[in-house]
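Asks: So that we are looking at the same thing, I have put the structure below in structure tokens.
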Amino acid sequence: MLDVRPTPEFAAGHIPGAVSIPLDELPDRLAELPADIEVVAYCRGAYCVLAHDAVRQLTAHGRRAVRLAEGMLEWRLADQPVATAG
């Protein structure tokens with residue numbers, strides 16, 4: 001799971017086990033993601049474009065990537081577990 005929201009949003013609450021790489025840092029931090037896995041990117045919600053952009057960037061660099069159909073808003077509304085930084 002790849003959270004592409006800004007760092008303060010990730011710190012406030014994210015999907016447990018997700019890795020935080022804000023979208024604007026993704027090109028410089030691709031090496032932090034294992035090349036042999038499919039990356040699942042998510043952002044704020046179903047209408048947030050950050051995850052779409054992340055998938056485009058990842059696939060342009062030869063990585064396998066998909067967008068989580070929903071985002072953090074829907075995750076919280078579904079009463080799923082949420083981790084916080086700190």
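Asks: Go through the range 66-86 and give me each residue that's within 14 Å of the chain's Cα centre (by Cα) and more than 18 Å from F10 (Cβ to Cβ).
Replies: Passing the criteria: V66, A69.
Asks: In the range 38-48, which residues are at pLDDT below 95 and not aromatic (F, W, Y)?
Replies: Going residue by residue through the range 38-48, those that are at pLDDT below 95 are 45-48.
Selection gives G45, A46, C48.
Asks: I need the full set of residues from the range 30-45 which are under 17 Å from A78 (Cα atoms) and in a strand (DSSP E or B), in order please.
Replies: Selection gives Y42 alone.
Asks: What's the number of the only condition in (1) assigned to a loop (DSSP other than H, G, I, E, B); (2) in contact with a helix residue (DSSP H, G or I) (Cβ under 8 Å, 6 or more places away or on another chain) that L26 fails to meet?
Replies: (1)
Asks: Also, I was wondering about something else. How do the pairs read when you match residues in the range 8-22 that are on the phi < 0 side of the Ramachandran plot and assigned to a strand (DSSP E or B) with residues anywhere that are of a type in the set (G, A, S) and surrounded by 14 or more Cβ atoms within 10 Å (Cβ to Cβ), using Cβ under 8 Å and keeping only pairs 6 or more apart or on different chains?
Replies: Taking only residues 6 or more apart or on different chains, the pairs are H14/S20.
Asks: What residue, among those in the range 46-86 that are acidic (D, E) and in a helix (DSSP H, G or I), is surrounded by the most Cβ atoms within 10 Å (Cβ to Cβ)? Talk me through it step by step, then tell me what you get.
Replies: Initial filter on the range 46-86 (acidic (D, E)): 53, 70, 74, 79.
Within this subset, residues satisfying the condition of being in a helix (DSSP H, G or I) are 53, 74.
Working: D53: 17, E74: 15.
Across the range 46-86, the extreme among qualifying residues is D53.
The values are calculated or read from the model by the stated rules, or taken from the named source; none is laboratory data. Computed from a predicted model, the values in this text were never measured in an experiment. Glycine gets a Cβ as well: all are built from the backbone with ideal geometry, and neighbour counts include every protein chain shown.
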